[in-house]
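Here the structure comes first, spelled out in structure tokens, and everything after it is commentary.
Read the figures in this text as sums done on the coordinates, not as results from a lab. Treat the numbers as computed from the prediction; the structure is a model and nothing was measured. Positions of Cβ are backbone-derived with ideal geometry, glycine not excepted, and every protein chain shown enters the neighbour counts.
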Amino acid sequence: MGCFKAYNNKDKHFSRYKESETELQAFFSCNICSTESKENITTLATRLKDADVKIVHLGACAVKCKADKLSEIKEVFTTMDMEVVEGTH
């Protein structure tokens, strides 16, 4: 719920958009702890790229990933030319 509140108020990590019109295009869970996590994230990143998404904000669950896969998550998005922001709120 904190992610949506921060987005709607253009607060915290979304404050960079205070003077911009934005549109939330997707909200997802990466299921990073699964054994197919990289495949899941790659599929998701491909769909976001096809939708012309330029910036991906990673929530606390990914940033503080207990499976220690933050760099893996970021690499998938950055190799598809998407900017990755660590954090939402």
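If you filter the range 45-65 down to residues that are touching a helix residue (DSSP H, G or I) at 6+ places or on another chain (Cβ under 6 Å) and of a type in the set (Gly, Ala, Ser), you find that the one that is nearest to Phe14 (Cα to Cα) is Gly59. Only one entry in Lys38, Lys74 is touching an Asp or Glu at 6+ places or on another chain (Cβ under 9 Å) and surrounded by 17 or more Cβ atoms within 10 Å (Cβ to Cβ), namely Lys74. Within the range 48-62, if we keep just the residues that are among the small types (Gly, Ala, Ser) and closer than 12 Å to Gly87 by Cα, the residue that is surrounded by the fewest Cβ atoms within 10 Å (Cβ to Cβ) turns out to be Ala60.
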